[in-house]
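Following: one structure in structure tokens, then a few remarks.
The values are calculated or read from the model by the stated rules, or taken from the named source; none is laboratory data. Just so it is clear, the structure is predicted and the values come from calculations on it, not from any experiment. Neighbour counts run over all protein chains shown; Cβ positions are idealised from the backbone, glycine included.
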Amino acid sequence: MKNHMTSVFHGVVDHAAFCSGLQTAINQVTSGGVFVGDNIFTFSRNLSFLDDEVLMSAFNKYAETDVEKSSLWRYSVLAWAAKRTMGLDGDLVECACYKGVSARIVADYVDLNATKKSIYLYDLFEHEDGMAHHDMPEHGENLYENVKKRFSGIQNAKITKGEVPQILHEIAPQNISFLHLDLNNVEAETAALEFFWDRVLPGGSIVFDDYGWLGYKRQQTAECAWLSERGYQALELPTGQGLVIK
């Protein structure tokens, strides 16, 4: 039975003590099927994504940091959500892409180059004091070019630097089959949802990265209300993501 174990957990007071307690718990597991990391601890699970050779090949190629390696379950959700829409005519969209790791895993997983679809990626790529979103370790003047290099082998990658939602009025697909929102900001994310909603085709997938995380409760509250007005409800996943099938 395969396991996937990392030591990345967010919001703990004493990381060493927390991991020691986890190890004590893991030592009591006899069945295997253990997933540890990204604020998830579960066992006796099939963890079927570990047997998905295409997904794991892309994951092992692009997930480099401990945080990225801990996010495997999230990547598997994105891969599933994108793949199920390959029969639709729309394009793939991600706001905000940061380093482009999740988007590149998705692009490889669905073999984007073998389709007529494009993937649109948006991000500020830099952080300045006063910006609404929090900074990330690799925000900086080189990040935009680094993401372009990461997607150099993808023919239809549209990587755009700019603020959401303003930049969407300059470049955005008309039809969308897969939408991933990871903006870490309630105003920007609901504005992006408003902009893209009518462009997401029936049967399209929408994934909210922050939906189930307590630190982004304001986003969940706003998105729940927004979706409810249109007769939809997101499914909160153990990964912290929210999933909507339009």
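Of all the criteria given as (1) under 21 Å from Tyr122 (Cα atoms); (2) in contact with a Lys or Arg (Cβ under 8 Å, 6 or more places away or on another chain), the one not satisfied by Ala81 is (2).
Has region 33-47 got any residue that is at positive phi and without any contact (Cβ under 8 Å) to a residue 24 or more places away in the chain? Within region 33-47, one or more residues are at positive phi and without any contact (Cβ under 8 Å) to a residue 24 or more places away in the chain. Going through (1) closer than 16 Å to Arg150 by Cβ; (2) in a strand (DSSP E or B) one by one, Tyr98 falls short only on (2). Sub-7 Å Cβ pairs linking a first residue in region 8-29 that is over 19 Å from Trp73 (Cα atoms) to a second residue that is modelled with pLDDT of 95 or more and of a type in the set (Gly, Ala, Ser), at least 6 apart or interchain, are Cys19/Ser7, ordered by first then second residue. Elements of the type strands (runs of 3 or more DSSP E) sitting completely within region 147-246 and holding at least 1 residues that are of a type in the set (S, T, N, Q) and either under 15 Å from the mean Cα position of the chain (by Cα) or farther than 24 Å from Asn39 by Cβ (or both): these cover 157-161, 176-181, 200-208. For the list (1) free of Cβ contacts under 8 Å to residues at least 60 places away in the same chain; (2) touching a Phe, Trp or Tyr at 6+ places or on another chain (Cβ under 7 Å), I need the number of the one condition that Ser152 fails. Tallying (1) free of Cβ contacts under 8 Å to residues at least 60 places away in the same chain; (2) touching a Phe, Trp or Tyr at 6+ places or on another chain (Cβ under 7 Å), Ser152 fails exactly one: (2). Against the conditions (1) buried (at least 18 other Cβ atoms within 10 Å of the Cβ); (2) out of contact with any Ser or Thr (no Cβ under 8 Å at 6 or more places or on another chain), Gln166 satisfies every one except (1).
Scanning region 65-88 for residues that are farther than 22 Å from Glu194 by Cβ and either of a type in the set (D, E, K, R) or not in a helix (DSSP H, G or I) (or both) turns up Thr65, Asp66, Glu68, Lys69, Ser71, Arg74, Lys83, Arg84, Met86, Gly87.
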